[in-house]
Amino acid sequence: MDSSTHQDDSGNPPETLFAALEGDLASYVSVEDLLFRFDIEVTADDIPTTVLEIVDRTVETPENGFFGPGSMVWEVFNDQALYLGTPAGIVLQVAHPKVGQGVADHGMLQFDPVERLHRTFDAFHAILFGDVITAVRSVVTLRTIHERVTGSLESAAGPFDNGESYYAHDPELLLWVAATLIEIPLRTYQLYIGRLSDDEIEQFYDEMKTFGELMGIPHEAFPASYDAFTEYFQRILDDEIVDSTASRRVIDGFLEQSPAPRTVEFLVCSVLSESAREAVGFEWGPVQQQLSGALAVSIRSVPRQFVPDQVRYQSRYRHFNRHKQC
């Protein structure tokens with residue numbers, strides 16, 4: 001690649017492991033391409049300087065990507081049980097009026113949630129579990145797609161005015177989406193798999209800041225600690241997660257088009273906190289809570305060390321043979 005494309009403020013190109021690569025980065029991937037659904041070619045010249053700087057700062061072993069053995073990201077996201085929290089995360093993202101409007105205008109979640117989730121997991125897990133080339137390709141692919149997601153609100157919602165603009169690369173919207181990818185997996189893991197210590201939660205939070213930076217969130221935009229993050233999360237729930245026509249249309253469509261709508265809604269409510277359920281507008285009573293608790297206990301009681309790898313681990317975690325490293 002022409003490394004002069006990516007220069008720092010001094011005018012000097014940063015030294016990166018991508019400096020000697022040319023052409024489509026897919027040609028350097030040693031496993032079956034996880035990003036084939038996107039059909040977007042990414043070359044070394046397409047990588048933003050900010051992403052190259054994150055690579056230089058955080059990647060120790062290129063084959064392990066941005067995280068690796070011993071990371072809490074791999075520990076939290078490797079288990080199939082995390083899928084039980086996926087609907088809750090999606091609903092909470094879309095419940096933000098600007099995110100919901102963007103999905104309504106540009107997405108297909110409400111029409112074909114299965115295909116959308118395939119694409120989402122392919123891209124997301126490529127960043128979490130992939131080698132650095134695969135992960136960076138996914139980052140650039142998602143940034144390219146998000147660049148097209150812009151428009152305006154079709155109606156007023158809470159603090160947002162009718163006609164107010166939205167843009168998928170808005171750092172505040174990106175931070176909310178990243179926040180759901182932090183809080184909901186933590187809640188899901190502790191509900192269905194096991195408790196995490198305060199230190200483990202803090203480590204996971206710090207590691208997920210790297211994911212957020214890759215997606216374009218300035219490091220300083222993240223609350224300094226997980227405790228501060230929970231305050232931010234609750235503030236957004238209280239102030240910005242309000243009923244909007246676009247968000248409601250997408251959420252209803254997502255649930256209705258899911259293979260088992262009532263089960264999916266039950267899983268959503270099982271994982272969401274009481275304040276989050278109320279913010280999104282779901283009803284939840286003591287009977288549902290009792291059933292949810294029984295389900296959680298039964299799943300947590302499974303001795304995972306005896307579960308076959310194909311049942312225990314996420315398919316994309318196995319795709320990169322990460323289960324053999326940890």
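Of the residues making up the stretch 98-157, those that are without any contact (Cβ under 8 Å) to a residue 12 or more places away in the chain and outside any helix (DSSP H, G or I) are MET108, ALA156. Scanning the stretch 182-238 for residues that are among the hydroxyl-bearing types (Ser, Thr, Tyr) and not in a helix (DSSP H, G or I) yields SER197, SER225. Here SER197 fulfils each of the conditions (1) surrounded by fewer than 15 Cβ atoms within 10 Å (Cβ to Cβ); (2) polar (S, T, N, Q); (3) under 17 Å from the mean Cα position of the chain (by Cα) apart from (3). You will find that of SER292, SER258, the residue that is surrounded by 15 or more Cβ atoms within 10 Å (Cβ to Cβ) and under 25 Å from VAL177 (Cα atoms) is SER258 and no other. Taking residues in the stretch 164-183 that are free of Cβ contacts under 8 Å to residues at least 40 places away in the same chain and at negative phi, and partners anywhere that are assigned to a helix (DSSP H, G or I) and aromatic (Phe, Trp, Tyr), not one pair has Cβ atoms closer than 6 Å while being at least 6 places apart or on different chains. Limited to the stretch 261-276, what total is found for residues that are crowded, with 24+ Cβ neighbours inside 10 Å and in contact with a Pro (Cβ under 9 Å, 6 or more places away or on another chain)? Summing the residues that are crowded, with 24+ Cβ neighbours inside 10 Å and in contact with a Pro (Cβ under 9 Å, 6 or more places away or on another chain) in the stretch 261-276 gives 2. Can you find even one residue in the stretch 230-252 that is of a type in the set (A, V, I, L, M) and free of Cβ contacts under 8 Å to residues at least 60 places away in the same chain? For the stretch 230-252, residues of a type in the set (A, V, I, L, M) and free of Cβ contacts under 8 Å to residues at least 60 places away in the same chain: present.
Checking SER270, SER298, SER292, SER275 one by one, the residue that is touching a residue at least 60 places away in the same chain (Cβ under 8 Å), part of a helix (DSSP H, G or I) and polar (S, T, N, Q) is SER270 and no other.
No value in this document is a laboratory result; all are computed from the given coordinates. The structure presented is a predicted model; accordingly, all values stated were derived computationally and were not measured. So basically every Cβ, Gly included, is an ideal-geometry build from the backbone, and we count neighbours across all protein chains shown.
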